[in-house]
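Undergrad: Have a look at this one before I ask anything.
The values are calculated or read from the model by the stated rules, or taken from the named source; none is laboratory data. Remember, predicted model here, so these are calculated numbers, not experimental data. Using ideal geometry, Cβ is built from the backbone for each residue, glycine included, and neighbour counts are taken over all protein chains shown. Heads up: the accessible areas ignore ligands, DNA and RNA and are worked out on the full protein's heavy atoms, side chains in. Shrake-Rupley method; radii C 1.70, N 1.55, O 1.52, S 1.80 Å.
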Amino acid sequence: MPHKVSLTRLKLTDFRNYAALALDLDQRHVVLTGENGAGKTNLMEAISFLSPGRGLRRAAYADVARVGAADGFSVFAAVEGMEGPVEIGTGTAGTEEGQSRRLRLNGTPARTVDELTDHLRVLWLTPAMDGLFTGPSSDRRRFLDRLVLSLDPEHGRRASEFDRAMRSRNRLLSEFRPDPAWLTAIEREMAGLGVSMALARLEMLGLLTALVERSQSGGTL
Ligand SMILES: Nc1ncnc2c1ncn2[C@@H]1O[C@H](COP(=O)(O)OP(=O)(O)OP(=O)(O)O)[C@@H](O)[C@H]1O
Ligand SMILES: [Mg+2]
């Protein structure tokens with residue numbers, strides 16, 4: 001069982017409205033309060049950069065750097081990660097458009113930001129994502145799949161191979177007299193991938209259910 005992942009220190013430089021910020025944290029939950037525009041969501045966005053991708057707002061990096069900053073933004077975090085303590089530094093140098101985000105792990109440049117997922121997985125649910133509750137079940141399934149990915153990194157590959165196979169199958173079925181051998185091969189592949197994916201989702205649901213039951217019986221999440 002991997003130990004509990006937590007953020008112990010967060011330092012921001014030229015990030016949105018923060019010229020410089022240092023926060024010490026522990027394993028307890030955090031509630032942020034403050035006036036509109038105080039910078040609460042900006043903090044969440046900074047934390048979202050501890051996962052690959054463009055973060056909570058999917059903003060252009062030039063907009064993330066503080067207005068008037070001379071040289072991009074940086075986020076530094078000390079994390080009790082899945083492989084033990086790790087220091088993460090990420091940000092951009094300069095403010096020109098289209099540049100990618102750099103990453104350092106324990107001071108050493110990482111090859112890609114994907115290496116973050118060896119240490120922690122960050123998940124968010126924001127009001128902007130309310131479509132998750134009202135929209136199609138496929139969106140909810142995709143959200144569940146992001147959770148599953150934190151248990152099983154192979155899950156993403158299986159999900160995209162399954163989608164690809166399903167598209168081939170639909171294409172084939174729209175043909176006049178589809179080749180039965182080809183159809184069988186595709187369906188066999190889909191069945192194999194589908195069973196693995198269903199099992200991984202069930203395992204995740206089991207963990208979530210146990211978590212909810214534990215919190216209802218007075219334990220902590
Ligand atoms: N690149 C930037 N440089 C400087 N300030 C910025 C930058 N981007 C956003 N801001 C400022 O950040 C503030 C918004 O911060 P944020 O969205 O975190 O507020 P909030 O506390 O979440 O507010 P609310 O309660 O309305 O959700 C605004 O005042 C905005 O001017
Ligand atoms: Mg906000």
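Undergrad: Could you sort H29, H155 by their accessible area in this structure, using a 1.4 Å probe and putting the largest first?
TA: Values: H29 155, H155 0 Å².
Highest to lowest solvent-accessible surface, that is H29, H155.
Undergrad: Ignoring trypsin sites (Lys or Arg not before Pro) that are buried or in helix or strand per DSSP, and keeping those with at most 12 other beta carbon atoms within 10 Å, what is the longest stretch of the chain between them?
TA: Longest stretch, sites excluded: 112-221.
Undergrad: Then there's this: Quick one: of the DSSP bridges fully inside the chain, what percent are antiparallel, nearest 5?
TA: 95 percent
Undergrad: With just the Cα atoms of the chain, tell me how far they stretch along each of the three principal axes, in Å, largest first.
TA: That gives 65, 51, 37 Å along the principal axes, largest extent first.
Undergrad: Per residue, how much accessible area does the chain show when a 1.4 Å probe rolls over the protein heavy atoms, in square angstrom?
TA: Numbers: 14020 Å² over 221 residues.
Accessible area per residue: 63 Å².
Undergrad: Between 0 and 90 degrees, rounded to the nearest ten: what's the tilt of helix 137-149 against the longest Cα principal axis of the chain?
TA: 70 degrees
Undergrad: A follow-up question, please. In whole percent, how big is the carbon plus sulfur part of the accessible area of the chain, probe 1.4 Å, protein atoms only?
TA: 55 percent
Undergrad: Filter the chymotrypsin sites (Phe, Trp or Tyr not before Pro) in region 151-221 to those in DSSP coil with at most 15 other Cβ atoms within 10 Å of their Cβ, and list the result.
TA: In loop regions of region 151-221 (DSSP not H, G, I, E or B), the sparsely surrounded chymotrypsin sites (Phe, Trp or Tyr not before Pro) are F176.
Undergrad: Just subtract the alpha-carbon distance of T184 and L144 from 0.36 nm times their residue separation and send over the number in nm, one decimal.
TA: 11.5 nm
Undergrad: Would you work out the charge dipole size for region 127-216 about its Cα centre, treating the Cβ of every Lys and Arg as +1 and the Cβ of every Asp and Glu as -1, and quote it to the nearest 20 debye?
TA: It works out to roughly 140 debye.
Undergrad: Direction-averaged shadow area of the convex hull around the Cα atoms of region 127-216, nm²?
TA: 7.7 nm²
Undergrad: Another question, if that's okay. Counting other C-beta atoms within 10 Å, and keeping those with at most 14, which DSSP coil GluC sites (Glu not before Pro) do you find in region 55-92?
TA: Working: sites: E80, E83, E87; in loops: E83.
Qualifying residues, ordered by number: E83.
Undergrad: How high is the relative contact order of region 6-74, in percent, counting Cα pairs under 8 Å that sit 6 or more residues apart?
TA: Reported as a whole number, the value is 36 percent.
Undergrad: What is the spread of the Cα atoms of region 6-118 along each of their three principal axes, largest first, in whole Å?
TA: Cα extents, longest axis first: 36, 36, 21 Å.
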